[in-house]
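Computed from the coordinates by the stated procedures, all read-outs in this text should not be read as laboratory data. Please read all numbers here as calculations on a predicted model, not as lab measurements. Cβ: placed from backbone, ideal geometry, glycine included. Neighbour counts: every protein chain shown.
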Amino acid sequence: MKIIYSCFGGAHSSIVTSGIHMGYLPMNSSATTEEILTTPFYDKAPNIEVGKPLYMGKDKKNYSIYAMGMGHARNYYTKMLYEFYNEITYNHKKDIIFINVTSLLNNYTRLGGFMSRRLNIVPLGRPLTVYGIKRNYNHFIELVQNVKETI
Amino acid sequence: MRIIYTYKKNRYAAYKAAYLHLGIDINLIGNTKDIKEDIKPYYLGLDKDLNEVYISNSGRNTNIFNNIILGLSNIYDEDIKTINFN
């Protein structure tokens, strides 16, 4: 089974969610700034690489976890990927799930991500994304718990 | 191998290239505005080397489309090539 967390740029919310899923970030308490910043691929994906699935590792159930950015047209690309996946793996067991985590974003992370990734003002944008992530961290935990219980 | 001809606005160019690739008479394309658009890459046929030829709308961002398709091909170890007509 492959679980792909998707967001706008594949640099913040999907990375944090997959980091919580993988155990890189705590599930019982709020994460510290250092923990968030040291998550693999956090605030790293350049614009040109939006859309590439970033492999985060295998979880305890041996599921492969990925994070991916899909830009503005997330719904279109998600549908297209499911359809194309059915086309190329017609003889395999269906084993892929896309989870959109954009709804967990708040305006702090949006603004910070825009400043850091688009405008390249990293010293200002990156701390703002961390602040926004920390404010909504409970929602990220809830989502991961929900995913782990249902899959 | 799978070859996907993608377009954003210039649908006719992508269809023409795909038809030429498959050796089909391009006069059969007709008016591409009348073609119903699928979200998934639309399968057109097999070429002489047994490559599967598809045609697809690349959505809002061709670069993201290419990355997503190539990412999926890496995950499933498939050989996929995209050719863009914007």
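In chain A, the C-alpha radius of gyration followed by the widest Cα-Cα span (Dmax) gives 15.0, 49 angstrom. From the square roots a ≥ b ≥ c of the eigenvalues of the alpha-carbon gyration tensor of chain B, which class results: rounded (a/c under 1.5), prolate (a/b over b/c), or oblate? Note, shape of chain B comes out oblate.
The C-alpha atoms of chain A define a longest principal axis, and helix A:13-22 lies at about 70 degrees to it. Over chain A, Cα pairs under 8 Å with separation of 6+ residues give a relative contact order of 32 percent. Relative to the dominant Cα principal axis of chain B, helix B:11-22 is inclined by about 80°. Taking every C-alpha pair closer than 8 Å and separated by at least 6 residues, the mean separation divided by the residue count of segment A:1-71 gives a relative contact order of 48 percent.
Using C-alpha pairs below 8 Å separated by at least 6 residues, the relative contact order for chain B is 47 percent. Only helical runs count toward this figure. For chain A, summing -39,500 (n - 2.57) over DSSP H runs of n ≥ 4 and dividing by all residues gives -13000 deg cm²/dmol at 222 nm.
A simple charge model with +1 on the Cβ of Lys and Arg, -1 on the Cβ of Asp and Glu and nothing else charged puts the dipole of segment B:2-85 at about 460 debye relative to its Cα centre.
Checked against a 24 Å cut-off, the cross-linked pairs A:K2/B:K8; A:K79/B:K16; A:K79/A:K134; A:K58/A:K94; A:K58/B:K8; B:K9/B:K36 give Cα-Cα distances beyond that limit for A:K2/B:K8; A:K79/B:K16; A:K79/A:K134; A:K58/B:K8. Label point of A:T102 set 7 angstrom out along Cα-Cβ; within segment A:1-29, amide nitrogens under 19 Å from it belong to A:4-18.
Under a 5 Å amide H cut-off, with hydrogens placed 1.01 Å from N, B:I83 pairs with B:I4, B:Y5, B:T6 among residues at least 5 apart or on other chains.
Note on A:70-78: average number of Cβ atoms from other chains within 10 Å of each residue's Cβ is 5. Packing, taken as the mean count of other beta carbons within 10 Å per residue, orders the peptides B:74-80, A:101-107, B:33-39, A:13-19 from highest to lowest as A:13-19, A:101-107, B:74-80, B:33-39. Between the helical axis of A:137-150 and the longest alpha-carbon principal axis of chain A there is an angle of about 10 degrees. All other residues whose Cβ lies under 15 angstrom from that of A:E149 are scored, Lys and Arg at +1 and Asp and Glu at -1, for a net of +1. Farthest toward the positive end of the dipole of segment B:2-85, out of B:S58, B:Y5, B:L46, is the Cα of B:S58, where the dipole comes from beta carbon charges about the Cα centre.
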